[in-house]
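I have placed the structure first, in the form of structure tokens, so that the comments after it can refer back to it.
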Amino acid sequence: ISFVLSCFIIDNDKESCSMLQNLLHTISDIDIESIDYHPEEAVKKVCLYKPDLVFVAVVMSNLTGFEVIKNIRNQNVFPSFVLVTAFPEYAVRAIKEEVFDYLVKPVDIDELKQCIKRYLGENHINRFSIFIEKKLSNREKEVLQQICKGKTSREIATDLFISKTTVDTHRKNIIKKIGCKNISELIAKYSS
């Protein structure tokens, strides 16, 4: 199973983008899906592709990083935002805006690694749960939670007001999407 974290970089300073990209390439299981120099276009892409992490510069032409974040959240899309800036005075506002993290340019590799580590550890998020969140439908997630509680297909059908056949279809789809051979392996991975 691949547990790669999807990332976007938004900064109209091409050199800064390149430097951050190079640092991120040194960290395993990170996929940089997009590097955008135009904040307006970046907002559309983030809303479309819904990455896990968005590294966004504070000072840009046309839109500030804070405006980018607001525009994305207004579309009901909520990735974790990491502000990247050469101006440490924006830290207080970053806290008020509830961004996930704040990195000062030039970005230090150890601080970047700590940021990623915190992202994976926050709220007991592990790589498998991130994977499930991205791959399964809401109904499949409900079925999976019931399976992990040891419920039978018939019990799940009753609880979720769907047919047993529908539950069995969801079970097969979950196993296929997660790449497990059977329910026991699925429960072991989901519960770990």
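The values are calculated or read from the model by the stated rules, or taken from the named source; none is laboratory data. Just so we're clear, the structure is a prediction, and the values are computed from it rather than from any experiment. Methodologically, a virtual Cβ is constructed for each residue, glycine included, from the backbone with ideal geometry; neighbour enumeration extends over all protein chains shown. Areas reflect the complete protein model, heavy atoms only, side chains present, ligands, DNA and RNA absent. Shrake-Rupley method; radii C 1.70, N 1.55, O 1.52, S 1.80 Å.
Just checking, how many residues over segment 137-187 are part of a loop (DSSP other than H, G, I, E, B) and more than 27 Å from the chain's Cα centre (by Cα)?
Count: 6.
Just to be sure, is residue 107 under 26 Å from residue 28 (Cβ atoms), open to solvent by less than 10 Å² (accessible area, probe 1.4 Å) and of a type in the set (A, V, I, L, M)?
no
Taking the conditions exactly as written (without any contact (Cβ under 8 Å) to a residue 60 or more places away in the chain and either more than 30 Å from residue 177 (Cα to Cα) or of a type in the set (S, T, N, Q) (or both)), does residue 68 satisfy them or not?
Considered against the rule, which asks whether it is without any contact (Cβ under 8 Å) to a residue 60 or more places away in the chain and either more than 30 Å from residue 177 (Cα to Cα) or of a type in the set (S, T, N, Q) (or both), residue 68 comes out as yes.
What is the one condition in (1) farther than 18 Å from residue 16 by Cβ; (2) open to solvent by less than 30 Å² (accessible area, probe 1.4 Å); (3) of a type outside the set (Lys, Arg) that residue 95 does not satisfy?
Tallying (1) farther than 18 Å from residue 16 by Cβ; (2) open to solvent by less than 30 Å² (accessible area, probe 1.4 Å); (3) of a type outside the set (Lys, Arg), residue 95 fails exactly one: (2).
Within segment 1-42, track down each residue that is closer than 24 Å to residue 132 by Cα and polar (S, T, N, Q).
2, 6, 28, 34
Taking segment 83-133 as the search range and keeping residues that are hydroxyl-bearing (Ser, Thr, Tyr) and at pLDDT below 90, which one is farthest from residue 52 (Cα to Cα)?
90
Pick from segment 51-83 the residues that are of a type in the set (Gly, Ala, Ser) and more than 17 Å from the chain's Cα centre (by Cα): which of them is surrounded by the fewest Cβ atoms within 10 Å (Cβ to Cβ)?
61
Restricting attention to segment 134-192, report how many residues are within 27 Å of residue 51 (Cα to Cα), open to solvent by less than 70 Å² (accessible area, probe 1.4 Å) and either touching a strand residue (DSSP E or B) at 6+ places or on another chain (Cβ under 6 Å) or small (Gly, Ala, Ser) (or both).
3
Hey, among the residues in segment 5-30 that are open to solvent by 60 Å² or more (accessible area, probe 1.4 Å) and at pLDDT below 90, which one's farthest from residue 79 (Cα to Cα)?
28
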